[in-house]
Amino acid sequence: LAKTTQPISMDSYEGQEVNITCSHNNIATNDYITWYQQFPSQGPRFIIQGYKTKVTNEVASLFIPADRKSSTLSLPRVSLSDTAVYYCLVVLSGGYQKVTFGTGTKLQVIP
Amino acid sequence: EPEVTQTPSHQVTQMGQEVILRCVPISNHLYFYWYRQILGQKVEFLVSFYNNEISEKSEIFDDQFSVERPDGSNFTLKIRSTKLEDSAMYFCASSEALRSGKTDTQYFGPGTRLTVL
């Protein structure tokens, strides 16, 4: 499984755009990049997933360069409720695969 | 939007007692998982389950643990003789069985907080 590296913590003011970058140098051809969000005492919540270029949904955008060795989760105009831990994972396509969580990035949104 | 549900939300038990944690996966999903998260630590994989059998298990999932799908909707995790170190949040997750080339997104339940005294 490709290992991911992301900052341990980030602070941001309310209303700002937040970009969290993740490194996955050993990503394999069949791996997808997946981001989860976790609030204290809650289960991880799927945010977004992508393979290459850019993916956007109602919550976030995911930017993936051509070499796929890194990715950036972009959260537009964060609010206090976006304070959470964000996990970057690589997930093999097809069938099942256990998900291996790292320590994630603890985002603190400041009023 | 369909979601994974878990019961109870909080379970308190005495050391050495058996506990059963229950999960109802999303209805059209075929792969089921249990994870745990000790307070302040990472989410750890325990076991995956497909077609009524264990697909993979971690070193944490020893003989004290077992999983079962007793009917068409529930997925359970049993701990036969709880230890203090079993105190953690336990998360159930499920995913669809997708064709190769598509992704296997896991959807997590809200968790059961297990406290062993």
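Just so you know, all these numbers are worked out from the coordinates, no wet-lab data involved. Computed from a predicted model, the values in this text were never measured in an experiment. Because the Cβ atoms are built from the backbone with ideal geometry, glycine has one as well, and the counts that use them run over all protein chains shown.
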TODO: Pull out a ≥ b ≥ c, the square roots of the eigenvalues of the alpha-carbon gyration tensor of chain B, then state rounded if a/c is under 1.5, prolate if not and a/b is larger than b/c, and oblate in the remaining case.
DONE: prolate
Task: Under the Karplus curve 6.51 cos²θ - 1.76 cosθ + 1.60, θ = phi - 60°, whole-Hz ³J(HN,Hα) for the stretch A:85-90, x wherever Gly or Pro sits - done: 9, 10, 10, 9, 9, 10
TODO: Grab the alpha carbons of the stretch A:1-101, take their convex hull, and tell me the volume per residue in Å³.
DONE: 102
- [ ] Taking amide H positions as placed in the peptide plane 1.01 Å from N, state which residues far from A:I47 in sequence (5 or more) or on other chains have amide H under 5 Å from it.
- [x] A:W35, A:Y36, A:Q37
TODO: Tell me which residues come under 5 Å, amide H to amide H, from B:S87 once H is placed; ignore anything under 5 positions away on its chain.
DONE: B:V116
TODO: Return the sequence-ordered ³J(HN,Hα) values of the stretch A:47-60 in whole Hz as given by the Karplus equation 6.51 cos²θ - 1.76 cosθ + 1.60 applied to θ = phi - 60°, using x for Gly and Pro.
DONE: 9, 7, 9, x, 10, 7, 6, 10, 10, 9, 10, 6, 9, 7
TODO: Considering Cα pairs under 8 angstrom that are at least six residues apart, work out the relative contact order of chain A and quote it in whole percent.
DONE: 36
Task: Sequence-distant residues sharing a close amide H with B:S55 (under 5 Å, placed H) - done: B:S48, B:F49, B:Y50
Task: Count, lysine Cα pairs under 13 Å in the protein assembly as shown, 8 or more residues apart or across chains - done: 4
Task: Segments A:18-29, B:34-45, B:68-79, B:105-116 sorted - mean Cβ within 10 Å per residue, highest first - done: B:105-116, B:34-45, A:18-29, B:68-79
